[in-house]
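Heads up, the thing below is written out as structure tokens.
The values are calculated or read from the model by the stated rules, or taken from the named source; none is laboratory data. In this text, all values refer to a predicted model and were calculated from it rather than measured experimentally. Positions of Cβ are backbone-derived with ideal geometry, glycine not excepted, and every protein chain shown enters the neighbour counts. Protein only, heavy atoms only, side chains kept; ligands, DNA and RNA dropped before computing areas. Shrake-Rupley method; radii C 1.70, N 1.55, O 1.52, S 1.80 Å.
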Amino acid sequence: MSPILNRYLIREISAAMFATAVLLLVVVFCGLLTDVLSKITQGRFPASLILTQMALRVPMALSLLLPLAGFIGVILAYTRLYRDSELAVLRASGFSELGLLRPVFSFALPFALVIGGISLYLAPTAQRIAIDQAELANRQVAIAGMEPGSFVQLKSSNAVIFAGELVANKAFRDVLIVRTMPADASGQEQLQIVRAKSGVIGSEKKNAPTILRLSEGQRTDIVLGQNDIERAAFKQADLALPDSLQQGRGYMPQDLPTQTLLATLVGRAELQARISAPIMLILLMLLAPALARSAPRQVRYDRIVIGVLIYLVYSQAIELAKRAMALGKTPEFVGVWWVHGLFLIGLIVVYRAQLVLAWRARSEMAQLMRSKGQPGSNVLPRQNTGSSNVLPRQNTGSSNVLPRQ
């Protein structure tokens, strides 16, 4: 293929893919903003981390969106070429449909390496940094929502916490906790009031539940509807905060470093899913020119809907295959590779006519080259015998061409 034509097609694909990626990233960015704001209101981490948390979530979103952006970008680029009859001119000029796949593959291969780096290294690292950052903020600063002079409702434990003056990063003075206890055997509810001179937010170890450690306080238990009151003094008591006021979920398989995934079956399933991202990109981009076939002036946006549906089916099939492997329902050597195998078979079926024509042309060319090299071949070499089938022009004196008068 001509280098000029190759660069032209790559430029068209790049422009369409970049526009699609920006649009998809804006949509996902709005979703990430909603999720982060929801976790801030729940007290998962302070509001000061909103920008860094969103930035650290972008690589994971890119590993999912870039294959779709490349797929849709090729569809948009080639449907425009079909609409403007440019591909019809190229086909009439002798460029085959398989030959027009070369610029797509030359663009998809380095792009797949970029996605592989994001999926294998950048996205998990960013996820771990985001988790550690939120957890560290919850350890060093007062829990989001638990501010001096304010009441915090703990819905999961039916308790209300009031903290007085903030002495240090993690220490409060004059802590009051009012909690409704479940009914006892007699059916009477109890009210528990805990008051302490100070309270410190901390954790025993990393990813452990966050606790509020109270010092020099008194606990009062009151049975509602009766006059039973019980008081007890303590020097130190720990109160585990509910999940709504702490991060501490630990690392999930998608957050672990790639080099540690080989130790467990779940990790190996996650590793295959990460490797699937660049493979899916290449196969989808090779399918896109066939999906973009259309007549001139035909509406091209219906192909985008079909492309999105194909991407969703492909990606969800990989996710289901990963979970089946993690649960031990499929062998490891099968893993998620059967999904790519089925898609590759479908790709061959789509281009079967072009592949057959290319195979026949190659076979005829090879047979012709072999026949030229064999002695006694039907194809004789051209010899200069001195005689020719083309007779020399003779001047007979008469001519069909009359002299100019």
Practice problem: Being over 18 Å from Ser63 (Cβ atoms) and crowded, with 18+ Cβ neighbours inside 10 Å is the filter here, so list the residues in the range 269-293 that pass it. | Solution: Leu286, Leu287, Ala288, Pro289, Leu291, Ala292
Quiz item: Does Gly99 satisfy being assigned to a helix (DSSP H, G or I) and surrounded by fewer than 21 Cβ atoms within 10 Å (Cβ to Cβ)?
Solution: no
Practice problem: Being surrounded by 14 or more Cβ atoms within 10 Å (Cβ to Cβ) and without any contact (Cβ under 8 Å) to a residue 24 or more places away in the chain narrows it down to one of Leu51, Leu23, Leu87, Leu64, so name that one. | Solution: Leu87
Quiz item: In the range 214-228, which residues are at pLDDT 80 or above and either open to solvent by 80 Å² or more (accessible area, probe 1.4 Å) or touching a Ser or Thr at 6+ places or on another chain (Cβ under 6 Å) (or both)?
Solution: Ser215, Glu216, Gln218, Arg219
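Per-residue answers, yes or no, for (1) open to solvent by 50 Å² or more (accessible area, probe 1.4 Å); (2) not in a helix (DSSP H, G or I):
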site: Ile304; (1), (2): no, no
site: Ile318; (1), (2): no, no
site: Gly335; (1), (2): no, yes
site: Ile345; (1), (2): yes, no
site: Val356; (1), (2): yes, no
site: Trp359; (1), (2): yes, no
site: Ser363; (1), (2): no, no
site: Leu368; (1), (2): yes, no
site: Ser371; (1), (2): no, no
Quiz item: Can Arg128 be described as part of a helix (DSSP H, G or I) and modelled with pLDDT of 80 or more?
Solution: yes
Exercise. Return yes when Phe162 is surrounded by fewer than 18 Cβ atoms within 10 Å (Cβ to Cβ), under 42 Å from the mean Cα position of the chain (by Cα) and modelled with pLDDT of 70 or more and no when it is not.
Key: no
